[in-house]
Structure formats: structure tokens, C-alpha cells
Amino acid sequence: MGFLFLRRVFWFGHGLRAASLCAVLGSALTGFVLANEQTDPRQERCPPNILLIVADDLNTALGCYGHPVVKTPHIDRLASRGVRFERAYSQATICSPSRASIFSGLRPHTTGVLDNETSWPDPLPDLTYLPAYFQNLGYFTATFGKVLDHKRVPEQPYWNMEVPEWGKYPRADRILEQAPFYPGSTGSMFWAKLKGSDAGTPDGEMARRAVRLLEQRTGSEVPLLAAVGFRRPHTPYAVPEKYFDLYPPQRLSLPVARADDVARIPPGAEDVKPFRGNRDDALRALGAYYACVSYVDAQVGVLLAALDALEMWDDTVVVFVSDHGYHTGHLGRWHKGWLFEQTARVPLIVAAPGKRSGACARIVELLDLFPTLVELCGENPPSALEGRSFACLLDACLLDDRHHPWDKMALTTIGCLDADDRRTYVGHSVRTEDWRYTEWDGGKRGVELYRFSDDPKGVRNIARDPHHADTMGDLRQRLNLMVDASGPARQSAIR
Ligand SMILES: [Ca+2]
């Protein structure tokens, strides 16, 4: 509490310069501070620390999201302390475009990053990336593992401390057993049981190095932004053997993909990496994916235990999120990059001091995170951001968020390459609280419409049902308004 108190005072001086003064004057000032704490309302602007935990390719197969099999006690515990968003959506469904959107606060159509190869745009004069924004506010910023897409990010002093990711692929001498997802699957499409402890794995090391930083900075008067990115459950599904033991394949079941649902998927949502294995191959891959989820959960547990031990909960905003969703047999598909509910929907948990706990069913987008964190730190979000702060949905006095004024849709976008003519095209999808409407290549490669009150998983495309023509027309118009408001028009408006 004493350290929090000092931070509160010196934040008033906005950052590091004032913080240095703190180190010099130390306790001599404390008496003055004590005398004024009750009278100066500006001291309430004390900014919290931020711990941002980012998983990779994680869907909502988590205990706190109601999954009947997957064991995630630590993420569940975080959810019990904060708000679990039931309808949170990524702005893109592959790594780099989604992360470029999260950390710029702009839509993929505006950043121009619609695939994993395009470089991120240079920061604009009035709009920098999230870590640089907080660094400019006076935060000590640190990154561990896969947070930004380092290969594509313009050179910027985003971080005061940077521990880059390593080890997408497991070391050969740690592999006990491995197999491709199915005979002939290539690249990272394999699973591997590893020997050794979590601490010797890339994500395990990142969690523990982040804990060491938290320990080192305990008591610092400078607020901390620590972003911890975990590689798993991204392929290859390579984690210590004990996590595989939790999920014997013979006890698992695959999502049911009805043939008539699959037949209604339009050509724009092309499956360029179809899963060609049999049922046993799929069950082994599913068990390996779940093993990765529980492994990530254990690393989250390492971070949460540090928050307990260091008594940081009252002074730290904790966010847990994935960069996008993922299919493990849903609609017969395995992977990401489409615009179905399963790929666009993400887990999102926000536990903030003085805020409420519970579930929230309102629509939020990942590009809302940037302005939300800014608001939670007592600042006004930059006007150039395309997201909207959802801090009001965290308010402790909000007893029933269903009646809170909140008119929001989610837009998810992806760039695709036609496997035959090698032409690129774009898909956009909007999600309201009851509908999803998707257009591929402006509708030329098909449209999709899902109604969640009838179809909770969003797998039955009813775009051809004439009963819904008016609804589809309305959603098409709203989608086009959102798309037109972003992209080149938005770029010129904020330059
Ligand atoms: Ca990803």
C-alpha cells in the first residue's frame, strides 16, 4: 500500500522525471504527501500496472467458458476475479493482422495488414502503437515472448525491456514422441510430447522471466506495462508429456460437422489446408491441442501466483486474451483464417482494481482494448483510435450489463489468396448480438448469415432463406458503413 501510495503521488508529475525525483527525495517527501493525500483529487489519477497476457490461436475451449473437458483452473480463477466477455471478437483471424489491429487500435482494413507477410505501417504523428503510448505516459514497458509480430513491426523504441520469443519448434533432444497430424501433413502441423519441466519450455521460461521482472519492480514508483505472449496452443502442439496425459484421445469427441452445413459454406471461405486424416488422427490432434491449452493455463498460473505473492492485485489491470479463435474440427475444418464464429470469437478476461467480476454478454472487439486500457489508466483515449473503450462495462455498479446502453457490432476482416487464379480478395464479417453476416470479395464469392438464437454455434448459413432478406439487407448496409469508415478514408482522416 505504501508503494502504491508513492506511485500515486509521483504519477501526478507524469512519469519518469518525477519518479527520479522520488528516488532522491524519498521519505523526506512522505510527510508532505501524507498531509495532502486526502485533499488533492488529482492523486486519484494513479495509474495501475498492466499485465497483458496474450495466447496464440486459442479458442474458448476453457473451463470458465463452459468447456466440459478442458482443464484451465488458473484462467478460471482469473475469470472469477474479473469480467469474462462472452462475445469478444478479433479483427482478423490470423496472427499478424490481428496483433497489428490490437496494438495500433486500428482495423486491419486501415492498417493495411491483411496477411502475415505485410509489414506493419509506421506509427503516425498522433497515433503510436500501444506499448509506445504507455511508454510515453511514463510506464516501464516490457515484453516477453510473442506479443507483437517482430518480423513486421517498424523499428520503434516500444519497450524498455524485451525478451524475444524463441522456440516455435521443440528441440529434438526434448521430444519423447511426435507425429504429424495425419500422414503427409507438413510444416508445423504436428504434435510432440516433450520431456522435462515447464520451466525449460519457451512459454514456461517467458512466464518465469516475467515473474522475475514483477519481483524486481515491486515497490517501484513507475507503473509497469508487462506484455507476456505465449506461443501455444499455436502449432506445433508441443508441450510436456504430463499435459497429454490429461486428455486420452479415446475419451474425447470431435465437433459434429453436418454435411448440409458444410455444403452451405460459400467458395470465398476456401479451406486451403483441409485436414486429411481419419477420426483417430483428429482425436490425437485434439488431445494435443487441449494439452497445449492446459499448458498455457499453467503458465498463466505462474503469473497469477506472483500477483498473489507480491500483493499486486489492487494495483494491476490483468488482461487475458487470444489473438483469434481456432477450429479443431468445427465445420470439418482445422485451423484459422476464416470468418466463422469459431475463428472470430476469442476469450477475453479483464480483472481490474475496483471493477466488477462476472460475465458480460455485450459485443466487444479486440481493438477496443487499447482505448479501454488508456481509460483505466485515467487518460482520454486518442481520438484516432478506431475502437471504443469498454471500461463502462467493467464498472462495479453495473449490476446487469444487458440493459446498459451499448450499441456495438464487431467487424472481422481477412485477406485471402485464391488457390486457382492467385488473386487476392477480402472477406468482411459483422457480428451483432444475434446475427453474423459475412461477405466474401464484396459478395462475389458468396455471403453467409447466421442467427444465434436458433443456431448458438453459428454453423448453419441461412443467407439463402428469403425470410431473412430484410435482415440481411440491413446487415449488409451496416457492414459497408463500417468498412467504408475504415481503410483508406480513415488513413487520410488521421494523417
Ligand atoms: Ca495466432
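The values are calculated or read from the model by the stated rules, or taken from the named source; none is laboratory data. Because the structure is predicted, anything quoted here is derived from the model rather than measured. All Cβ positions, even for glycine, are placed from backbone atoms using ideal geometry, and neighbour counts span all protein chains on display.
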Legend entry - In segment 299-324, residue nearest to the ligand (Cβ to nearest atom) [restricted to those that are surrounded by fewer than 20 Cβ atoms within 10 Å (Cβ to Cβ) and small (Gly, Ala, Ser)]: 301
Legend entry - Single residue of segment 199-246 satisfying the filter (among the polar types (S, T, N, Q) and surrounded by 23 or more Cβ atoms within 10 Å (Cβ to Cβ)) that is farthest from the ligand (Cβ to nearest atom): 201
Legend entry - Hey, residue 372 under 18 Å from residue 110 (Cβ atoms) and polar (S, T, N, Q) or not: no
Legend entry - Single match in 399, 385, 369 (criterion: surrounded by 24 or more Cβ atoms within 10 Å (Cβ to Cβ) and hydrophobic (A, V, I, L, M, F, W, C)): 369
Legend entry - In segment 309-334, the residues that are in a loop (DSSP other than H, G, I, E, B) and charged (D, E, K, R): 311, 323, 333
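Just for segment 297-311: of the residues that are within 8 Å of residue 74 (Cβ to Cβ) and of a type outside the set (A, V, I, L, M), which one is farthest from the chain's Cα centre (by Cα)?
Selected residue: 301.
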Inset, instruction - Could you look through segment 25-80, keep only residues that are closer than 25 Å to residue 139 by Cα and basic (Lys, Arg), and pick out the one that is modelled with the lowest pLDDT? - result: 42
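Suppose we filter 337, 354 for residues that are within 16 Å of the ligand (Cβ to nearest atom) and part of a loop (DSSP other than H, G, I, E, B); which single one remains?
On the way: 354 fails: within 16 Å of the ligand (Cβ to nearest atom).
Testing whether each residue is within 16 Å of the ligand (Cβ to nearest atom) and part of a loop (DSSP other than H, G, I, E, B) leaves just 337.
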Legend entry - Residue tally, condition surrounded by 15 or more Cβ atoms within 10 Å (Cβ to Cβ) and small (Gly, Ala, Ser), over segment 151-195: 4
Inset, instruction - Kindly check whether there is at least one residue in segment 159-166 that is at pLDDT below 95, aliphatic (A, V, I, L, M), assigned by TED's automatic domain parsing to the domain that holds residue 301 and closer than 26 Å to residue 59 by Cα. - result: yes
Legend entry - Candidate set from segment 325-358 (those that are of a type in the set (Val, Ile, Thr) and under 20 Å from residue 289 (Cα atoms)); member that is surrounded by the most Cβ atoms within 10 Å (Cβ to Cβ): 343
Inset, instruction - At least 1 residues that are within 16 Å of the ligand (Cβ to nearest atom) in each: list the helices (runs of 4 or more DSSP H) lying fully within segment 61-139 that qualify. - result: 95-104, 108-111
